[in-house]
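The values are calculated or read from the model by the stated rules, or taken from the named source; none is laboratory data. Just so it is clear, the model here is predicted, and its values are computed rather than measured. Don't worry about glycine lacking a Cβ; one is built from the backbone with ideal geometry, like all the others, and counts go over all protein chains shown.
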Amino acid sequence: MIAWRRALCAAAFAAAAASAWACGEDAGDAGDAECPRSNPECKEIATVEAGAQAVVKRRCVDCHGRDLSGSLTKLPGVADTIQGEPVELYPPNLTNDETGIGTWSDEALAVAIRSGIDEESQALCPQMTHYSQMSDFEVYSIVKYLRDIPKVRKNVPRSVCPPTKTKEQQGSTR
Ligand code: HEC
């Protein structure tokens, strides 16, 4: 029974990943139907491979870099000032080094990815997408992948968030 459900869970994720590839952009995550957050097995069976696919499919690599070591240059496409306030966004180092997410717990990472809240309970800049619908399987696969890839020692400057104005600006969800 357990083995069967695991197989189903993995198959659903593979299908979702495949369809997302086929359709280009976000084709929705059919894996969520079989891998609801409440199903602990989906966290247990998280895999590095699924994480590797997810960071590309979810475009984490577009901002955090191919090796996910973050960026020392500002995120392009964001105005230098918004409402007269300076804005500087540096996608942080997500590798397992202490200059990256090495000291973060798996749970804190899942919260940051889903809710945009960091490990000190501070809101991340809204440009960091909130993947609020992400299943346990996918989010913990990403965490496993981040723990697995080579550590990069890189001190990325702290971002200066734009002034928050409306709820919409704050809560971009996917
Ligand atoms: C549009 C660009 C963009 C995309 C896409 C993006 N991020 Fe981010 N991310 C950022 C920025 C900018 C920050 C820093 C925000 C801040 O410091 O307030 C950030 C912060 C984070 C943090 C907190 C790290 C820290 O040290 O504070 C984590 C974890 C994270 N991102 C993971 C991810 C993952 C995983 C994905 C894909 C599922 C992803 N991000 C996609 C731009 C992005």
I'd like to check something: does the stretch 143-163 contain any residue that is under 26 Å from Cys42 (Cβ atoms) and modelled with pLDDT under 95?
no
Can you confirm whether Arg58 is within 10 Å of the ligand (Cβ to nearest atom), out of contact with any strand residue (DSSP E or B) (no Cβ under 9 Å at 6 or more places or on another chain) and among the basic types (Lys, Arg)?
yes
Cβ-Cβ under 7 Å, sequence separation 6+ or interchain: first residue in the stretch 98-118 and within 18 Å of His130 (Cα to Cα), partner polar (S, T, N, Q). Which pairs?
Arg114/Ser132; Ser115/Ser132
For the stretch 61-87, which positions are in contact (Cβ under 8 Å) with a residue 40 or more places away in the chain, polar (S, T, N, Q) and either surrounded by fewer than 17 Cβ atoms within 10 Å (Cβ to Cβ) or not in a loop (DSSP other than H, G, I, E, B) (or both)?
Gln83
Could you check the stretch 123-138 and list, in sequence order, the residues that are near the ligand (Cβ under 8 Å from one of its atoms) and assigned to a loop (DSSP other than H, G, I, E, B)?
Leu124, Cys125, Gln127, Met128, Thr129, Tyr131, Met134
If you go through the stretch 80-99 one residue at a time, how many are near the ligand (Cβ under 10 Å from one of its atoms) and either within 26 Å of Lys144 (Cβ to Cβ) or hydrophobic (A, V, I, L, M, F, W, C) (or both)?
7
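Name the residue, out of Gly102, Gly65, Gly51, Gly77, that is small (Gly, Ala, Ser), within 11 Å of the ligand (Cβ to nearest atom) and at pLDDT below 95.
None of the others qualify; the one that does is Gly77.
Within the stretch 105-122, track down each residue that is more than 7 Å from the ligand (Cβ to nearest atom) and either assigned to a loop (DSSP other than H, G, I, E, B) or under 17 Å from Gly65 (Cβ atoms) (or both).
Ser105, Gly116, Glu119, Glu120, Ser121, Gln122
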Is at least one residue of the stretch 134-155 without any contact (Cβ under 8 Å) to a residue 60 or more places away in the chain, in contact with a strand residue (DSSP E or B) (Cβ under 8 Å, 6 or more places away or on another chain) and surrounded by fewer than 17 Cβ atoms within 10 Å (Cβ to Cβ)?
no
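Kindly indicate whether Tyr90 is in a loop (DSSP other than H, G, I, E, B) and of a type in the set (Phe, Trp, Tyr).
Working: in a loop (DSSP other than H, G, I, E, B): yes; of a type in the set (Phe, Trp, Tyr): yes.
Yes; evaluated as a whole, the condition is true for this residue.
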